[in-house]
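Below is one structure, written out as structure tokens; comments come after it.
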Amino acid sequence: MCETKRLIKCERQRKVNDLLLICGTIFLLLIISITFISAVQVIRLLLTRTVDPIQIIHIESQKPAVYQTNERFLSMGLDSAIIAEGFKHFNMTNEKLITMVQYLSPAYIRIGGNLADKLFFSVSETEDDIQEYYRTYYDESEFSYIPLFPNYTMTGTQWLMLTTFAKKAVLDVFFDLNSLIRFTNGSWDYRNAETLIQFSNDHNLEVNWELGNEPNSFHHKFNETVNATQMAKDFGTLRAILNKFPMYKDSLLVGPDVTRPEDNHKESEIYLKEFVKNAGHIVNAITFHQYYLNGRTASLEDFLNPEVFNYLEFQIKKAQEIVRSSNIIDKPLWLGETASAYGGGAPNLTDTFVGSFLWLDKLGLSAKLGINLLMRQSIFRGNYSLLDDNYDPNPDWWISIFYTRLVGNRVVPFNLVSSPKVRFYVHCMHDFPNSITLFGMNLDEKIAKIRIEGIFPNVSMEYLKVYGFHLTSYGSLKSKTILMNGKPLKMLPGNKMPKLYPKEMNIRPYIEVPPLTIVFWFIDVKVKACDFS
């Protein structure tokens, strides 16, 4: 009996010991696992810190400027639909409007668009007639996508008011003439255009000219066709007419304003090549239009996707290739109409902070690749406008202000070693020959570390500073308010510009750019590209 009890007790003790052993083993494995995971996390953190890439901007300080853009490089458009609707919302005498546009001068203003090819000019037609016509044919809710394209009339009074507005805003006018008025033999019927030119000459109006808007897509828009060879002849006719008038014998004539080159649709390239071959010697600049996205389908992600940004380089190089193949090497290439998304823009995208990434990159990349001038569509109306319906600034207006004030027209040669989401450009600083401006963006959601190289062999790093502006959204990327170095940008009473004070930053070992940030930096340093002597 005692032996049985002893065996039972021993068995119980063995089971307890086994249980303790199992628990101890599990606990030990748990400790080892936790230690291993922690060690891996520490190693990963250390490795991340160790290999966290430094983005490098290497300035070629001893090389001359790569390109020199037009003094009016950043110019703007005003859609002809503004005229078609009888200037219903565009008050050409409004002092606020004039002042806000004036801040972006000197610049060209291109008055054109789809409805340029439906405009007739009349010296005598009354305002009442215009308004009645507008009410009959135009639906304001379809401003960006007018389903019908009836003809409409601009009066002499309206034309004088429009050119007066441009003069007060310190803008030089480009006017896009109707190219779809045709004789029975298919050639351009120039008579109405000549009436406008005569009227303008008689009133001493300084005007430059275009003929037609996106003629390669006439069939799609108007069910009409004007081939490139005929359009080239029509430009010759227009040049001959302009040469007869003292005011316009030296005026600029540019074209053909074809749509952007596309991989899957070659009609734009074919049209441009044929036009340049036949009229490249006639025009003062060769123009094509460029948009990245369809305003109806664009998403927020598109505005942060480097692949979308890179569309522009392909399109510019394709247009340059066409021009070179035609042996027209002395004519500048312009983006005659451009914005981020066509069809009036993308609501709550092209008129918010997130749209500004594509806009600034377009300014930098266009100049770097040799585009001489671009016309931003548009100053007013549509979701891509620089000013809203109350003439208050949208984010791209502020970006344009920083660009015009800080970025000169000489492109400084540089090399950028960075991730695709870190994009930078270098110019001589505007009006300061011994300074350079670096501008760009960090599209990533983590901090970018930027090291500037190439300008320091003869410069004491101890005293060299970078002064700059970091521009971010106010909360959401879809905000219409921009923060400049952490403070909201807003106009002062009386439409006065606020003081723009940069912050001072150490240039070594690197400069940090916060996530989703646009920057403008300037440095007082001499480089050969900015030697104006």
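The values are calculated or read from the model by the stated rules, or taken from the named source; none is laboratory data. No experiment lies behind these values; they were computed from the predicted model shown. With ideal geometry, Cβ positions are generated from the backbone for all residues, glycine too; neighbour counts draw on all protein chains shown. We work out accessible area using only protein heavy atoms, side chains counted, and drop any ligands, DNA or RNA first. Shrake-Rupley method; radii C 1.70, N 1.55, O 1.52, S 1.80 Å.
Contact map, the range 389-402: first residue hydroxyl-bearing (Ser, Thr, Tyr), second residue open to solvent by 20 Å² or more (accessible area, probe 1.4 Å), Cβ cut-off under 7 Å, separation 6 or more or different chains; pairs are Tyr391/Asn94; Tyr391/Lys96. Taken together, Val422, Val417 contain a single residue that is open to solvent by 50 Å² or more (accessible area, probe 1.4 Å) and over 15 Å from Ile523 (Cβ atoms), which is Val417.
Which residue out of Ser200, Ser179 is open to solvent by less than 10 Å² (accessible area, probe 1.4 Å), in a loop (DSSP other than H, G, I, E, B) and modelled with pLDDT of 95 or more?
Checking each option against the conditions leaves just Ser179.
Just one residue in the set Gly440, Gly475 is free of Cβ contacts under 8 Å to residues at least 40 places away in the same chain and of a type in the set (Gly, Ala, Ser); that residue is Gly475.
Scanning the range 460-481 for residues being open to solvent by less than 50 Å² (accessible area, probe 1.4 Å) and within 19 Å of Ala448 (Cβ to Cβ) gives a total of 8.
For every residue, the table says whether it meets (1) in contact (Cβ under 8 Å) with a residue 12 or more places away in the chain; (2) on the phi < 0 side of the Ramachandran plot; (3) of a type in the set (Gly, Ala, Ser).
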| position | (1), (2), (3) |
| --- | --- |
| Asp189 | no, yes, no |
| Gly212 | yes, no, yes |
| Phe218 | yes, yes, no |
| Thr229 | yes, yes, no |
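Scanning the range 338-376 for residues that are farther than 17 Å from Ser479 by Cβ, polar (S, T, N, Q) and open to solvent by 10 Å² or more (accessible area, probe 1.4 Å) turns up just one, Asn372.
Per-residue answers, yes or no, for (1) of a type in the set (A, V, I, L, M); (2) more than 18 Å from Ile109 (Cα to Cα):
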residue: Ser366; (1), (2): no, yes
residue: Leu374; (1), (2): yes, no
residue: Phe380; (1), (2): no, no
residue: Asp396; (1), (2): no, no
residue: Val407; (1), (2): yes, yes
residue: Pro420; (1), (2): no, yes
residue: Val426; (1), (2): yes, yes
residue: Asp431; (1), (2): no, yes
residue: Leu438; (1), (2): yes, yes
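Test Val519 against the criterion of being closer than 24 Å to Gln55 by Cβ and in contact with a His (Cβ under 7 Å, 6 or more places away or on another chain), and give yes or no. Judged against the criteria, Val519 is a match.
The residues listed here are Val226, Val173; of these, the one that is part of a strand (DSSP E or B), modelled with pLDDT of 95 or more, surrounded by 14 or more Cβ atoms within 10 Å (Cβ to Cβ) and in contact with a helix residue (DSSP H, G or I) (Cβ under 6 Å, 6 or more places away or on another chain) is Val173.
Report yes if some residue within the range 206-219 is at pLDDT below 95 and surrounded by fewer than 14 Cβ atoms within 10 Å (Cβ to Cβ); otherwise report no. Yes, the range 206-219 contains at least one residue that is at pLDDT below 95 and surrounded by fewer than 14 Cβ atoms within 10 Å (Cβ to Cβ). In summary, helices (runs of 4 or more DSSP H) completely within the range 267-329 and bearing 2 or more residues that are under 19 Å from Leu211 (Cα atoms) and open to solvent by 20 Å² or more (accessible area, probe 1.4 Å) occur at 267-279.
Checking the range 102-115 against the condition returns a match, with at least one residue being aliphatic (A, V, I, L, M) and over 21 Å from Gly156 (Cβ atoms).
Just a yes or no: is a residue in the range 377-398 aliphatic (A, V, I, L, M), surrounded by 24 or more Cβ atoms within 10 Å (Cβ to Cβ) and not in a loop (DSSP other than H, G, I, E, B)? No, the range 377-398 has no match at all. The residue pairs whose first member lies in the range 506-533 and is in contact (Cβ under 8 Å) with a residue 60 or more places away in the chain and over 22 Å from Leu477 (Cβ atoms), whose second member is basic (Lys, Arg) and in a strand (DSSP E or B), and whose beta carbons are closer than 6 Å, counting only pairs six or more residues apart or on different chains, are Tyr510/Lys449; Tyr510/Arg451; Ala529/Arg410.
Out of curiosity, is Leu438 open to solvent by 10 Å² or more (accessible area, probe 1.4 Å) and in a strand (DSSP E or B)?
The answer is no for Leu438.
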